[in-house]
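Shown next, in structure tokens, is the structure this report addresses.
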Amino acid sequence: MPTEGNDVRWLFADQLGPHFLDGDDQRVLLVESRRVFARRRFHRQKAHLVLSAMRHRAAELGERCTFRQADRYRDVFDHRPRAVRGPLTVSHPTTFAARDFVQSLDRVQMLPARGYATEMDEFARWAAGRRGHQLRMEDFYRGTRRRLDLLMDGDEPLGGRWNYDAENREPPPKPKARPELTDPDQRSVLGVPGPWWPDEDEIDEQVRADLDRWEADGDVTFVGRDGPRQFPATRTEALTALRHFLDHRLRAFGRYEDAMMSGDPWMAHSLLSATINLGLLDPVEVVHAAESAYRDRPDQYSLAAVEGFVRQVIGWREYMWQLYWWFGPEYRHLNELRATKPLPKWFVELDADAVQARCLSDVLGDLRDHGWVHHIPRLMVLGNYALQRGWRPDQLTDWFHRSFVDGYDWVMLTNVVGMSQYADGGRMVTKPYAGGGAYINRMSDYCGQCPYSPTVRVGEQACPFAAGYWWFVHRHRDRFAGNHRMRQAIRGLDRLRDLEALVEQEEHRGSRGP
């Protein structure tokens, strides 16, 4: 067992904040593995962010840090550097593969997980005690709020309500209602200042040079476009981004949380997911900072906006982390709807130019250019289209993991298999998140300039989402016959006089770029 205060702390690339260390003088091991990027095609900007964050952390720690760049992690542990031959500890990793690797090593002690709001054992006790094993996120979220005394007024939620979803699901403002922008590069269409962006430095310059060389040598290939680093890579940058969001953007966040707008991928979102997932911010400190902002200046903030943000961080994010471990490693292989079509090349390559449907083209273009889009384009454009087309959920999970700067296995597995693709048969959600063109038309400004019409199902102007929705319901009609939340959709099939033509049309379209 490591001697207290004498152990070296091994940090993974998503454990970079101060809360992963036990003291200001603790020695650290950081390992950069080139093989990680050779095995799978990541987004170029994701690779840049991860390497930049690791190298910045190593530079900050200075002589306290043993930083090794190797082909594989195991190379370092087969021939340990002299500085880390003593007791070695590591916080519980974030994936099954990493956990198993740690457990295969000699003289390494795995500590409980850090960087989350709930202990894994505590969640296991909560989940095991649920009636009928119904794991409702809302119940978990309320319990976490109470335990953290977060947005609470004694034993009751602040404002008398737990949930402000209705206020946070408005469609985007119509063009005439949008404020005039004096500097489109700095301000969102919603009229709030744009996100805070970091400045690159010599470490970023070296990272870019290394990635360029690896590509030129043929060792690795990437998807997406390179570009200026847009997400924090240090603790100082992370705190600056958090403060900027709280001071300038949080007040506008909730109202249009679920809306989508062309030309403004950021809207009023925090863009803190990648930062928290790197471990640069602790989620508990983030939500307490949001609460403090509201309590200090209640006249400047909507409680609905603050609650919506808090729900994302210690509600949904935390729930995904806990379910990843609760469901176990076999969860990734679930495929209840028997979706067997491979992901098409245009989708894998983020080829927005191969797509005419404006919503899908715009979202793919934003992902290609930034490695990020917010949760509704992920769920109701990208995931929805994959669900309708019957693409393999395991391939889709891997694609989300690799293509997003905030993508990690634990993040994407439950979100894609359970939430997005209904591949677990309803263990997480009570109905598939399939939606037609009407939903996208209501919650975005995409449809007005699209060659397809959200109200047309068959013909040259047939919206691929509108037609795809009914094609999906038709294929799974028998499976959903007993699902009370799908009864209305199934009854709707009987009213479609053009169903036969619609099915023929969509079977012909298949997975081709719409």
Debye, to nearest 20: dipole size of the chain, +1 on Lys, Arg Cβ, -1 on Asp, Glu Cβ: 1700
For residue 200 and residue 504, extending 7 Å from Cα along the Cα-Cβ vector and measuring point to point gives, in nm, a value of 5.4
If you line up the long axis of helix 318-327 against the longest principal axis of the chain, both from Cα atoms, how many degrees apart are they, to the nearest 10? 90
Can you compute the FRET efficiency between residue 243 and residue 22 using 1/(1 + (r/R0)^6), with r the Cβ-Cβ distance and R0 = 41 Å? Round to the nearest 0.05. 0.95
Dipole in debye (nearest 20) - segment 45-103, about Cα centre, beta carbon charges: Lys, Arg +1; Asp, Glu -1: 60
Cα-based Rg of segment 275-383 per 2.2 N^0.38 Å, rounded to two decimals? 1.40
Can you tally the net charge around residue 374? Count Lys and Arg as +1, Asp and Glu as -1, for every other residue whose Cβ sits under 12 Å from the Cβ of residue 374. -4
Sequence-separation-based contact order of the chain, relative, with Cα cut under 8 Å and 6+ spacing, percent: 16
Folded to 0 to 90 degrees: helix 44-61 orientation relative to the chain principal axis, Cα: 20
Specify which labelled value, from (1) 17; (2) 26; (3) 33, agrees with percent of Cα pairs over 43 Å apart derived from the coordinates of the model shown. (1)
Label points 7 Å out from Cα along the Cβ direction at residue 109 and residue 496: separation in nm? 6.0
Convex hull (Cα only) mean projected area of segment 388-454, reported in nm² to one decimal: 5.7
Say the dipole of the chain comes from +1 at the beta carbon of Lys and Arg and -1 at that of Asp and Glu; which of 428, 31, 91 then lies farthest toward its positive end? 428
Set the Förster distance to 60 Å, then compute FRET efficiency between residue 215 and residue 121 from the Cβ-Cβ distance, nearest 0.05. 0.85
Among the GluC sites (Glu not before Pro) in segment 454-514, which ones are in a DSSP loop with at most 12 other Cβ atoms within 10 Å of the Cβ? Mind listing them? 460
Compute the acute angle (0 to 90°) between the alpha-carbon long axis of helix 235-248 and the principal axis of greatest extent of the alpha-carbon atoms of the chain; round to the nearest 10°. 40
Averaging sequence separations of C-alpha pairs under 8 Å and six or more residues apart, then dividing by the length of segment 267-402, give the relative contact order as a whole percent. 20
With equal scatterers on the alpha carbons only and no solvent term, can you work out the Debye log10 of I(q)/I(0) for segment 340-401 at 0.15, 0.16, 0.27 1/Å? -0.39, -0.45, -1.38
Highest-first arrangement of 141-154, 262-275, where packing means the average Cβ count within 10 Å: 262-275, 141-154
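Compute the FRET efficiency between residue 375 and residue 79 as 1/(1 + (r/R0)^6), taking r as their Cβ-Cβ distance and R0 = 41 Å, and round to the nearest 0.05.
After rounding, the FRET efficiency stands at 0.40.
What 222 nm value per residue comes from the helices of the chain, counting each DSSP H run with n ≥ 4 as -39,500 (n - 2.57) and dividing by all residues, nearest 500 deg cm²/dmol?
The helix-only estimate for the chain comes to -11500 deg cm²/dmol at 222 nm.
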May I ask you to evaluate 6.51 cos²θ - 1.76 cosθ + 1.60, the Karplus curve with θ = phi - 60°, for each residue of segment 505-514 and list the ³J(HN,Hα) values in order in whole Hz, giving x for glycine and proline? 4, 6, 5, 6, 5, x, 9, 5, x, x
Restrict the search to segment 338-437; then list the trypsin sites (Lys or Arg not before Pro) that DSSP places in a loop and that have at most 11 other Cβ atoms within 10 Å of their Cβ. 338
Scan segment 27-132 for GluC sites (Glu not before Pro) in coil per DSSP, keeping those whose Cβ has at most 14 other Cβ atoms within 10 Å, and list them by number. 119
Just check segment 376-514 against the gyration tensor rule for me: Cα atoms, a ≥ b ≥ c as the square roots of the eigenvalues, rounded for a/c under 1.5, and otherwise prolate or oblate depending on whether a/b exceeds b/c. oblate
Among 20, 316, 370, flag the residue with its Cα farthest along the positive direction of the charge dipole of the chain, charges on Cβ as +1 for Lys/Arg and -1 for Asp/Glu. 316
Value of relative contact order over segment 409-495, rounded to a whole percent, pairs C-alpha under 8 Å and six or more apart: 18
Where the centre of each part is set by its Cα atoms, how far does segment 466-493 sit from segment 321-354, in angstrom? 22
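The numbers here are math on the coordinates, done by the rules we state, and not lab data. Since we're looking at a predicted model, the values are computed, not measured. Cβ coordinates were reconstructed from backbone atoms using ideal geometry, including for glycine residues, and neighbour counts include every protein chain displayed.
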